[in-house]
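Notes for the one structure printed next.
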Amino acid sequence: MLAPLGPLIAAAIVGTDRKIIAHLRSAGAVTPERATPLHLRRPLAGWRIRRLVAAGAVRNPSPDRYFLVEEGWQAYGRIRRRRGLTMVAIAVGLFAIYFVSRRLF
């Protein structure tokens, strides 16, 4: 029943991350000196900025001011892609097991 929500939630997360990163880039916030405030209006955005800070993609040198760490953002993207590929591999493996078991019995 909740299965259709998975892709919608994932799309909302990815979209929110991209908006945060785009805002920081457009503001030139790529160094501590250029850190900028983020006006986060949605609860999801607050959660995502905390996640990006924890992952090292974004830093906050002072309260409510953030800047982008490009190397951290790229590393975070690699980890996310690897996690996604792992989930796809698990799903394909489970489907294969199900298909083979249905053909045997």
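The values are calculated or read from the model by the stated rules, or taken from the named source; none is laboratory data. Given the structure is predicted, the values throughout are model-derived calculations rather than measurements. Virtual Cβ from ideal backbone geometry, glycine too; neighbours counted across all protein chains shown.
For the condition in contact (Cβ under 8 Å) with a residue 24 or more places away in the chain, in contact with a His (Cβ under 9 Å, 6 or more places away or on another chain) and aliphatic (A, V, I, L, M), A29 qualifies. Scanning region 39-54 for residues that are outside any helix (DSSP H, G or I) and either closer than 20 Å to Y76 by Cα or not aliphatic (A, V, I, L, M) (or both) turns up H39, R41, R42. Would you check if I21 is assigned to a helix (DSSP H, G or I), in contact (Cβ under 8 Å) with a residue 12 or more places away in the chain and at negative phi? In short, yes.
When R18, R48 are screened for being in contact with a helix residue (DSSP H, G or I) (Cβ under 6 Å, 6 or more places away or on another chain) and within 22 Å of R83 (Cα to Cα), only R48 passes. Is it true that F99 is in a strand (DSSP E or B) and on the phi < 0 side of the Ramachandran plot? Criteria not met by F99.
Residues checked against (1) surrounded by 10 or more Cβ atoms within 10 Å (Cβ to Cβ); (2) modelled with pLDDT under 95; (3) hydrophobic (A, V, I, L, M, F, W, C):
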residue: A11; (1), (2), (3): yes, yes, yes
residue: T16; (1), (2), (3): yes, yes, no
residue: L38; (1), (2), (3): yes, yes, yes
residue: P43; (1), (2), (3): no, yes, no
residue: L52; (1), (2), (3): yes, no, yes
residue: D64; (1), (2), (3): yes, yes, no
residue: G77; (1), (2), (3): yes, yes, no
residue: G84; (1), (2), (3): yes, yes, no
residue: A96; (1), (2), (3): yes, yes, yes
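Applying a threshold of 8 Å to beta carbon distances and a minimum spacing of six or more residues, or different chains, the list of pairs starting in region 47-73 at a residue that is within 10 Å of A35 (Cα to Cα) and ending at one that is of a type in the set (S, T, N, Q) and surrounded by 15 or more Cβ atoms within 10 Å (Cβ to Cβ) reads R65/T36; Y66/T36; Y66/N60; F67/T36; F67/N60.
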